[in-house]
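Reviewing the structure listed below.
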Number of protein chains: 2
Amino acid sequence: MQDIEFTVEDGRLFVLQTRTGKRTARAALRIAVEMVREKRIGPETAILRVDPAALDQLLHPTFDEKAPAEVVAKGLGASPGAAVGRAVFTAEDAEAWHSRGESVILVRAETSPEDVGGMHAAAGILTSRGGLTSHAAVVARGWGKCCIVGCGELSIDARAKRFEAGSRVVVEGDWISIDGSGGRVMLGKVPTVRPSMGEDFRTLMKWADRCRRLGVRTNADTPADARVARDFGAEGIGLCRTEHMFFSSPERIRAVREMILADSPEGRARALDKLLPFQRADFEGLFEAMDGLPVTIRLLDPPLHEFVPHEEAQQAEMAREMGVSLPEVQRRVRALHEANPMLGHRGCRLGITYPEIYDMQVRAIAEAALACGARKVRVKPEIMIPLVGFETELRFLRARAEAVVAEVQSGSKRRVPFRIGTMIEVPRAAVTAGAIAADADFFSFGTNDLTQMTYGYSRDDAGRFLPQYVEQKVLPWDPFQSIDEEGVGQLVRLACERGRAAREHLHLGVCGEHGGDPQSIDFFERVGLDYVSCSPYRVPIARLAAAQASLAQRKTGRAKPSLATAVAVAGHAIAEAVAPVAGVATE
Amino acid sequence: MQDIEFTVEDGRLFVLQTRTGKRTARAALRIAVEMVREKRIGPETAILRVDPAALDQLLHPTFDEKAPAEVVAKGLGASPGAAVGRAVFTAEDAEAWHSRGESVILVRAETSPEDVGGMHAAAGILTSRGGLTSHAAVVARGWGKCCIVGCGELSIDARAKRFEAGSRVVVEGDWISIDGSGGRVMLGKVPTVRPSMGEDFRTLMKWADRCRRLGVRTNADTPADARVARDFGAEGIGLCRTEHMFFSSPERIRAVREMILADSPEGRARALDKLLPFQRADFEGLFEAMDGLPVTIRLLDPPLHEFVPHEEAQQAEMAREMGVSLPEVQRRVRALHEANPMLGHRGCRLGITYPEIYDMQVRAIAEAALACGARKVRVKPEIMIPLVGFETELRFLRARAEAVVAEVQSGSKRRVPFRIGTMIEVPRAAVTAGAIAADADFFSFGTNDLTQMTYGYSRDDAGRFLPQYVEQKVLPWDPFQSIDEEGVGQLVRLACERGRAAREHLHLGVCGEHGGDPQSIDFFERVGLDYVSCSPYRVPIARLAAAQASLAQRKTGRAKPSLATAVAVAGHAIAEAVAPVAGVATE
C-alpha cells in the first residue's frame, strides 16, 4: 500500500513522491492476508509485511482516540492496554475495593512482591518509580495487565492517599484512565475500544507457525495465565516463578514466614510441610492446563527478605501471628537485609544453604506429576535451578533433586520423565557453560539478570542514568528491551557453543523479557536456541517474530527447516492462494 | 632444613621419618640466603624456597606468643598485625580519644567512608560484619593497619558503647588486643613483638627484582602511603582512589555535600571549585612522593549517597551547615538511595551524567602535574576512568578529559605526557575489550568488581553463604582472595588478547585485591600483564611472588626476559655466592 503525492499540470500526471503507507496493525494484517488471497504475494512475504510489535494493538483494549481526555502526566508505557478505574494507594485497598465490585487503578511509588494480591485485583497499575523491567512492569506484562511505570511527574502521598500531577490533585476513589502503551495518565473515565483478533490474525499466525523454527513458550505462574497463553499458541511453559505462589494466600505467606523465622533445619522443614500441599496443587493445575506440553518450573529465586514485612505495623502483626515478640521479628528482618540483594543470598545459593526449601518444591513437583499422570494428564516437568555460577552448585542440587524424585516415585509404579536444567544468568555460568552442561538437560537464558550482571546495572537503579545514556547515544537502546548482541549476546553465543560442545542434545531456551522482543528473537534464531519464552500476551508477537527470523536466516542460507514445509498450504480457507515467492527463498 | 625422627637401637641408627622443617619467615629467609652464600643453591632456588605470604609476619608486629591472653572471640584476620588499644564505638570517639594521645581500637558493626577519619586514628579496627573485601578490610589493608572483620560472635551495642563476647562484656575505654593475622580478639593489653626486616630480607628482594618480569605498583591515596610503598619497592601508583580525599577534612566533605545538594550544573561547578585546590594539593603530594614513577589516578567511583549522612542527627547538622531545611536534605538523601548501589549510579556513569565532577578532577591533576613539573618533579600521570562497559563511555570521557588537559596546558609552555585509560571491571568491558582499547592507553583490571559481577556476588552480602560454599567445597576458595582462573580469569585473558590485538602497546595491569595475592600473581604473569598493584604492605610479597611466577614461566619455556639478566650478581655482599642453578632454567 502506497501513499502517492501527485499533481496534474497541463494534462500531464507528475508523481511527486511515493512511500509505504502507514496503517494500523489490523489494516496491515488485512492487506497482507488479502494480497495472498489475490495471489499477489505469497504467505512468506505476507509474514514479513506485518510488524510483530504492532500486534500489541490487537491484543489489548485501546482508548477511543475521538473521545476528549485530559492528560495530566506521562510515564513509561510498561504493559499495553487501556485501564479505567478509581485510584487506590495500597495493595490492601485495591483488594478491598475490588471485592466490592469496583474497578481500581493501583497507584504506588513502586511495587514489591507483597503487593501482588492488590496488583492482581487492580484493572491497571501506575507507579512513579522504576523502569520497564521493574517489579510492577514485569508482573503486569506477565498478566497482560495495563501498566505505567516511572511516572516521575506524579507526587504520590501514600499516607494521605492522594497524588498530585502538575496542578491537579487525585484522591482515593477518583476515576482515572491509564494508557499502558503511550504512558498517558488521564483524569476521569475515558471510553475504550475492545480488541478483536479476527480471522486475518489467525490466518497469518498459521502461516507464521509453519515458517518458524523456534518454539514459543510462555512465562506463566498460574493455570489461568497458562490457559491464556495456550490460547495464544504457547507450546509449553518456559518459566514458572514459584515464588509468586508463596504470596497467593494468607496461609501460604504465613508458612513461608514461619520457615524464615525457624532457626533449625527441622523448624524449616515443619513450616515447609505446610506449604507442600499448596505447591503440589499449584503444579497440578499447571500440568493440567499444559497437558501434553513441557512445564519448566524454576525453584525459589528471590532473597528471603522479600517475604517479610518492612513496615513496623505489619511486623507487629507478623509477630502476633507467629507468637513471637516484635523485636524478634525485627531482628530477623534486619539480619536478612542486604546491601545489594540482586547480588546476594538468592537463587541456588538458598538451595544450597537451606536445602529443605528446594527439597519441598521438588517433592511438590514430583507428587503433582504422579497425581496428574494417574489422571491421564500427559506431564512433562522440567526442574530449573536458578542463578548457577558453578558446576558444583548444579551437581549438588541435581543430585538432591533426583533423590527426592526417586523417593516419591518409589511409592508408585508410574514413572514421569523429568528434565533437570539450569538458568544461565550469571556471567560465570556463560563462560563455564561446558562444565555446567555436564549436569544440565537444558539451559534457559535468564537475560534480564545476565544483562544486569554483564553491564553492572541494577534494573531498579539504572533509571537514574539509562534515559540519559540512550538520549546521548552512549547506548543505542535500552538493553533490557532488546538484547545487546555485542556484549550480552557474546556470552549467550559462547554458552550455546560450549554447552552444545559438551552435550550435543542440550536443549536451549530463553525466559528473560527479551524472549518476547522481535529484535532479540532474531538473534535467538541466529544463535540456534530451541525456543523463546515470553509473557502470555506476547506469545503471538513472538510467533510472528520467530517466523520472520527464520525467513531472514534462510535468506542468508543458514536455514535448518526446509522451505517446502514452511510454505505448505496454511489452511483450507486460503489453500488456493498460496504460492512460492521468488526473492525470499534461497533453496 | 629437615625434621628428622630417629632412634638408636643396639648401636644402630634408624631414621624413622624426615620432612621439610617448619620455620618462621625470618628463619626461611636466613636459611635461603645463607645457603646461597655457602654455594649450596643459587639465588633462584632461594627465591622459590620462601613463601611470599609468610613475609607478612616480617612486615607487621605480632603478639608475644609466650604471654598469657584470653581470647574472647574470633573473626576474619583482614589485615595482619597486632594492635592494642581501648575500645571505642564511633569514628568520632576514635578521633577524639586519639587526639588525647590514647591508642584505640575502633569497634563497629561495619564501616563506611564516613568513618575513615576515625579508622585512620585507630590503632586497629574490629567489625562484626563484612568479609575480607568489606570497606573496613580494604581500607585497613591499604594502610597496613591491623583489622579483624566479620567477627559475628560479637554483639555490639553502639548506642550503649559496649559489646558482648560470650559471657564477657567490654565497654568503652576497656583495653583489648586484636590479632589481624589470626583474627583473635583478646581482653587487656597483650604484649607485642616489633617487626624488623633485616639484611636477609633486602638481599632476597634484590634477587627477586632481577628475576621478575611483572612490575609492582601500589594502591595509595596519600603521600604518606605512597612513601611507605616506595620504601617497600613500589614502582609507581597503580590505583589512587580519589574519593578518599573527599572525606579527609570538614571543608572538603562540606563542598562535596554542597555539590550533591546543587540542582544545576552551575551549582555543582561552584561547589566543585571549592574542592579543586584540595585535590590539586593532594595530587601534587602524590606526584612528589612518586617522583619519576607513574601515578594512576582513578576518577570518582562510588555512588554519591556514600557522601551524605544517613542518621537524622547528622542530617540535621548537614542541613544547618548548608543553610537548607532538614526535609530538603532528607529528600535528597532518599532520592540518592539505591536498591543495589553496587550496580547503580557510580563510576563513569556519574562522569557522564554530571560531567562537572570529572572535569574538576582532571583539571586538578593537570594543574598539579604542571606545578610539579615546574619544580623539576618528573611527573607521569595516568588518568583512569572507572566502570566502563561501553567504548562510547570511554570515548566521551576521554575527549572531555583531553579538552580539560589541553586547556590547562594552553596557559603554559610546559607539556606533561598524559595517559588516559580505563578499568576493566564490568564483564561487558572484558568481552568488548577490542572496541574499548581504541580509546585506552592502558587497562587496569579491577578484579574485585569483576569478580562481583561475573559471579553475581556482592562482597558485602556474600558472607552469608561464602563460608558454607568454601566449607562444602562448592567453591575451592574465596574468589576475592585468589582469582578464579576458570571464570573471572577467562574474562581477563579475553580482554588482554582482544585489547592487545586492537592496540599492540596497550599497557595492562591489575589493581584489585588480587594484585597482592601470590596465587593470582602467578596467573597475571602467565596472562602477560605488565604490572600488578597492591596495598603498600603487600608490595614485598608481590615482588617475591612475581619473581616466583617468572621463574615458573621460564621453566615451562614461555619466558620473555633472559635468564642471564635474572641471575646476574645481586649485590656485592653475596657476589661470590651466585651461581646458575641446574634444573630451574630452560635457556
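The values are calculated or read from the model by the stated rules, or taken from the named source; none is laboratory data. Bear in mind the structure is a predicted one, so any value in this text is a computation, not a measurement. Positions of Cβ are generated from backbone atoms using ideal geometry, with glycine treated the same way; all protein chains shown enter the neighbour counts. With ligands, DNA and RNA removed, areas are computed over all heavy atoms of the protein, side chains included. Shrake-Rupley method; radii C 1.70, N 1.55, O 1.52, S 1.80 Å.
A few points about this structure:
- Failed criterion for B:ALA401 (all others in (1) open to solvent by less than 10 Å² (accessible area, probe 1.4 Å); (2) farther than 23 Å from A:GLY487 by Cα; (3) in contact with a Phe, Trp or Tyr (Cβ under 6 Å, 6 or more places away or on another chain) hold): (3)
- The range A:408-433, residues that are under 15 Å from A:LEU397 (Cα atoms) and buried (at least 24 other Cβ atoms within 10 Å of the Cβ): A:GLY421, A:THR422, A:MET423
- In the range B:333-347, the residue that is farthest from the other protein chains (Cβ to nearest Cβ) out of those that are in a loop (DSSP other than H, G, I, E, B) and surrounded by fewer than 22 Cβ atoms within 10 Å (Cβ to Cβ) is B:HIS337.
- Extreme residue, farthest from the other protein chains (Cβ to nearest Cβ), among residues of the range B:434-451 that are open to solvent by less than 10 Å² (accessible area, probe 1.4 Å) and polar (S, T, N, Q): B:SER444
- Answer from A:PRO294, A:PRO303, A:PRO309 - the residue that is touching a Gly at 6+ places or on another chain (Cβ under 9 Å), of a type outside the set (Phe, Trp, Tyr) and more than 14 Å from every other protein chain (Cβ to nearest Cβ): A:PRO294
- B:VAL362 being open to solvent by less than 20 Å² (accessible area, probe 1.4 Å), more than 25 Å from the chain's Cα centre (by Cα) and more than 14 Å from chain A (Cβ to nearest Cβ): no
- B:GLN314 being at pLDDT below 95 and either over 26 Å from A:PRO476 (Cβ atoms) or of a type in the set (S, T, N, Q) (or both): yes
- Residue in the range A:216-233 that is surrounded by fewer than 21 Cβ atoms within 10 Å (Cβ to Cβ) and in contact with a Leu (Cβ under 7 Å, 6 or more places away or on another chain) present: yes
- All positions within the range B:390-411 that are of a type outside the set (D, E, K, R), within 14 Å of chain A (Cβ to nearest Cβ) and either within 18 Å of B:LEU276 (Cα to Cα) or touching a Cys at 6+ places or on another chain (Cβ under 7 Å) (or both): B:LEU397
- Of A:VAL510, A:VAL488, A:VAL470, all but one fail to be under 22 Å from B:ALA495 (Cβ atoms) and either in contact with a Leu (Cβ under 9 Å, 6 or more places away or on another chain) or modelled with pLDDT under 95 (or both); the exception is A:VAL488.
- Scanning the range B:412-431 for residues that are of a type in the set (Gly, Ala, Ser) and within 14 Å of chain A (Cβ to nearest Cβ) yields a count of 2.
- Number of the condition not met by B:PRO327 [criteria: (1) crowded, with 18+ Cβ neighbours inside 10 Å; (2) under 30 Å from A:ARG129 (Cβ atoms); (3) within 14 Å of another protein chain (Cβ to nearest Cβ)]: (1)
- Residues in the range A:513-534 that are open to solvent by 20 Å² or more (accessible area, probe 1.4 Å) and assigned to a loop (DSSP other than H, G, I, E, B): A:ASP517, A:ASP530.
- B:GLU356 in contact with a Pro (Cβ under 8 Å, 6 or more places away or on another chain), in a helix (DSSP H, G or I) and charged (D, E, K, R): yes
- Which listed residue is open to solvent by less than 20 Å² (accessible area, probe 1.4 Å), under 22 Å from B:PHE445 (Cβ atoms), in contact with a helix residue (DSSP H, G or I) (Cβ under 9 Å, 6 or more places away or on another chain) and not aliphatic (A, V, I, L, M), from B:GLY238, B:GLY285: B:GLY238
- Residue check for A:ALA69: closer than 30 Å to A:SER155 by Cα and part of a loop (DSSP other than H, G, I, E, B): yes
- Selection status of A:LYS376, touching a Phe, Trp or Tyr at 6+ places or on another chain (Cβ under 9 Å), modelled with pLDDT of 90 or more, open to solvent by 40 Å² or more (accessible area, probe 1.4 Å) and of a type outside the set (Val, Ile, Thr): no
- Under the condition of being more than 15 Å from B:MET259 (Cβ to Cβ) and either in contact (Cβ under 8 Å) with a residue 60 or more places away in the chain or not basic (Lys, Arg) (or both), the residues counted in the range B:329-353 number 12.
- All positions within the range A:241-257 that are in contact (Cβ under 8 Å) with a residue 40 or more places away in the chain and either among the basic types (Lys, Arg) or open to solvent by less than 10 Å² (accessible area, probe 1.4 Å) (or both): A:ARG241, A:THR242, A:PHE246, A:ARG254, A:VAL256, A:ARG257
- Residues located in the range A:187-224, provided they are of a type in the set (Val, Ile, Thr) and within 16 Å of A:ILE541 (Cα to Cα): A:THR203, A:VAL216, A:THR218
- Residue match in the range A:501-522 (condition: of a type in the set (A, V, I, L, M, F, W, C) and closer than 20 Å to B:MET453 by Cα): no
- Whichever residue in the range A:454-494 is in contact with a Phe, Trp or Tyr (Cβ under 7 Å, 6 or more places away or on another chain), within 12 Å of chain B (Cβ to nearest Cβ) and among the hydrophobic types (A, V, I, L, M, F, W, C) and, among such residues, is surrounded by the most Cβ atoms within 10 Å (Cβ to Cβ): A:VAL492
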